1. Would you be able to say whether some residue in segment 26-43 is out of contact with any Pro (no Cβ under 9 Å at 6 or more places or on another chain), of a type in the set (Lys, Arg), modelled with pLDDT of 95 or more and crowded, with 17+ Cβ neighbours inside 10 Å?
2. Can we say residue 151 is within 14 Å of the ligand (Cβ to nearest atom) and closer than 16 Å to residue 22 by Cβ?
3. Would you mention how many residues in segment 191-235 are more than 16 Å from the ligand (Cβ to nearest atom), over 20 Å from residue 136 (Cα atoms) and out of contact with any Ser or Thr (no Cβ under 7 Å at 6 or more places or on another chain)?
4. List the pairs whose first member sits in segment 184-208 and is more than 19 Å from residue 162 (Cα to Cα), whose second member is acidic (Asp, Glu) and assigned to a helix (DSSP H, G or I), and whose Cβ atoms are under 9 Å apart, counting only residues at least 6 apart or on separate chains?
5. If I ask for residues that are surrounded by 18 or more Cβ atoms within 10 Å (Cβ to Cβ) and of a type in the set (A, V, I, L, M, F, W, C), which ones from segment 197-229 would you list?
6. Pairs, please: C-beta under 7 Å, at least 6 apart or cross-chain, first residue of a type in the set (Gly, Ala, Ser) and in segment 53-74, second crowded, with 20+ Cβ neighbours inside 10 Å?
Amino acid sequence: MALAPTLTFQDHRLQTPSARFSDWLVSCTGSSWAAATEHAFTRAIGDDAMPDAAYVRYLIEDYTFITDLASTIGYLVAKAPTMRSKSRLSAFLALLTSEENNYFERSFAALDVPETVYRAAAQGPVTREFSRLLLESSGKGTYAEGLACLLCAEWVYLTWGLREAKKPRPKAFYLAEWIDLHAVQGFQDFVNWLREEMDEVGSSLTEAQQQQVAQHFQEMCRLEVSFFDAVWAAS
Ligand SMILES: Cc1ncc(CO)c(N)n1
């Protein structure tokens, strides 16, 4: 049964005793979870049906997003309560700023996007909203609020990544690797850890704080949809 997005976590638990806090966050997003994870843009990656122009638009915007995401994780490392959490987050930050950065540089080269273009790219309106939400939630907000934004972003990508990974890989390395980056075991482990961390931190919050966290998760999910819409629209 689909749950009304206004249900509190406590009420949600009364109906589904085994429900995790992270499950409740997804139920709060209503239809936008499926709109993000099943977006036509994500299916076009695995179907090898991606127009170059759309992928170039996507990569340029996503590179600025990833830069802000790295800053967000930096704030979260600072706010994380335990050494284990700091270690998990900083390992992911290291991956984002090395292997994933290298992926972007090689992809831009293959798609003839000069460095001057992707370095100077002004962020589009959706990316600017993303930036504000990410940096404000993790910088000025609480650990739980920033974590909710990171969890949403990575969980959406894991969901479509695992689905597209079941198809034969597309020919272009930048499509094939983008699937693998979001489906490999290490990434699955990281998202599972993010869920456990969110479950633990979220369960002990007051109801008002839980609603705030759910709002951040919802807003992030809505922006994931808008981000795909924006780069896909002109295709
Ligand atoms: C917009 C967006 N959301 C999430 C991810 C996953 O890191 C990404 N690369 N881009």
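1. No - not one qualifying residue is present in segment 26-43.
2. yes
3. Residues flagged as more than 16 Å from the ligand (Cβ to nearest atom), over 20 Å from residue 136 (Cα atoms) and out of contact with any Ser or Thr (no Cβ under 7 Å at 6 or more places or on another chain) within segment 191-235 amount to 7.
4. Listed pairs, sorted by first residue: 199/23.
5. Of everything in segment 197-229, those that are surrounded by 18 or more Cβ atoms within 10 Å (Cβ to Cβ) and of a type in the set (A, V, I, L, M, F, W, C) turn out to be 198, 201, 213, 214, 217, 220, 221, 223, 225, 227, 228.
6. 54/231
The values are calculated or read from the model by the stated rules, or taken from the named source; none is laboratory data. Since the model is a prediction, treat every value here as computed from it, not as a measurement. Quick reminder, even Gly has a Cβ in these numbers, built from the backbone with ideal geometry, and neighbours come from all protein chains shown.
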